[in-house]
Amino acid sequence: MLNLDRLRGFTIPAAEDMCDPRSAILYALGVGAGLGAIDEQHLVFERDLAVLPTMALVLGTPGFWPMAGELGWDWPRILHGEQSLRLLRPLELGQLVHGRIEIGDVADKGPGKPALVRAKRTLMTPTDLVIAEMEETWVLRGAGGFGGPRDLPGQMATAMPDEPAHVLLDLPTAINQALLYRLTGDRNPLHSDAGTAALAGFDRPVLHGLATMGLVSRALVHLCCGGQAALLTGMSGRFTAPVWPGETVRTEIWRDGDDILFRASVPDRSVVVMDGGRACVAGF
């Protein structure tokens, strides 16, 4: 059961990072850039290098903070439920950034059921100009029953259209994709160690949810931004199933008035892995 007093008394360490060419290329490779048939040289080669907007998700963070012993969480069984990203200004190469994470709302699905914990993260310049704002929701399986509200405020699902997607793109992942992505900062052994994966109920290590989100961002950049990464200024969605490294992920996109909606799936298993997606593109 979630110990609310312990959670409220916990401070997530602040962190600082440099958005340099090496880390930008490593991040792009970690989310599969260069594996697909689309031209992504601008993401993996120093000349005219562009930074994927979703790199903000791995900058200014101490890593997988739910593993902290002070929380006492059964961290191998924690799932990443939802993630949002809003960029107020583009990431710049050579930029020093720092981030802070604050625990937000919690929800209690009942005894024996999950507890939900929402955290808010802000990424800033050294002069405290806000670069990006992010929210993440963690699903603590079996930690309910502490007496909190049943739902998180403002938690509303985005319904996907009934019609076929207007555009779609299949992008592969590599067998070692999770091993590569973890070098961007998330060292949760769920993604690299079979024993930890078994404790979580999986028969092998799974790809990070944020790696899937980064892959989807590449599809959005290609299909909605004309390949210009900086035009993607926000995205959000729910993680609904894991991706096994080596699988191909299909991103389906709908344009609904001023909205860009998306869903990601693994066609070979007919499984939706990211749902309720919404993206923001500058000028759209």
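The values are calculated or read from the model by the stated rules, or taken from the named source; none is laboratory data. What you see is a predicted model, and the numbers here were worked out from it, not measured in a lab. All Cβ positions, even for glycine, are placed from backbone atoms using ideal geometry, and neighbour counts span all protein chains on display. Side chains are part of the model used for accessible areas, which takes the heavy atoms of the whole protein and leaves out ligands, DNA and RNA. Shrake-Rupley method; radii C 1.70, N 1.55, O 1.52, S 1.80 Å.
Descriptive notes on the structure:
- V106 vs. criteria touching a Cys at 6+ places or on another chain (Cβ under 7 Å) and at pLDDT 95 or above: no
- Residue in the range 246-261 that is over 22 Å from A194 (Cβ atoms) and within 13 Å of the chain's Cα centre (by Cα) present: no
- Taken over the range 220-237, residues that are part of a loop (DSSP other than H, G, I, E, B) and open to solvent by less than 10 Å² (accessible area, probe 1.4 Å) amount to 1.
- The range 20-48 residues that are modelled with pLDDT of 95 or more and open to solvent by less than 40 Å² (accessible area, probe 1.4 Å), paired with ones that are part of a loop (DSSP other than H, G, I, E, B) and among the acidic types (D, E) (beta carbon under 8 Å, 6 or more apart): I25/E46; A28/E40; A33/E40
- Pair list, Cβ < 8 Å and 6+ apart or interchain, from the range 148-169 residues that are free of Cβ contacts under 8 Å to residues at least 60 places away in the same chain to residues that are in a loop (DSSP other than H, G, I, E, B): R150/K109; R150/G110
- Qualifying residue in the range 120-133 (condition: under 19 Å from R238 (Cβ atoms), surrounded by 14 or more Cβ atoms within 10 Å (Cβ to Cβ) and acidic (D, E)): yes
- Answer residue from the range 60-78, given it is out of contact with any helix residue (DSSP H, G or I) (no Cβ under 8 Å at 6 or more places or on another chain) and of a type in the set (A, V, I, L, M, F, W, C) and is surrounded by the fewest Cβ atoms within 10 Å (Cβ to Cβ) among those: A68
- Scanning the range 101-115 for residues that are closer than 14 Å to R77 by Cβ and not basic (K, R), we see that the one that is surrounded by the fewest Cβ atoms within 10 Å (Cβ to Cβ) is G112.
- If the condition is being without any contact (Cβ under 8 Å) to a residue 60 or more places away in the chain and of a type in the set (A, V, I, L, M), then the range 106-121 contributes A107, L116.
- Residues within the range 238-268 that are in a strand (DSSP E or B), modelled with pLDDT of 95 or more and open to solvent by 40 Å² or more (accessible area, probe 1.4 Å), tallied: 4
- Verdict on L7 being in a helix (DSSP H, G or I) and surrounded by fewer than 20 Cβ atoms within 10 Å (Cβ to Cβ): yes
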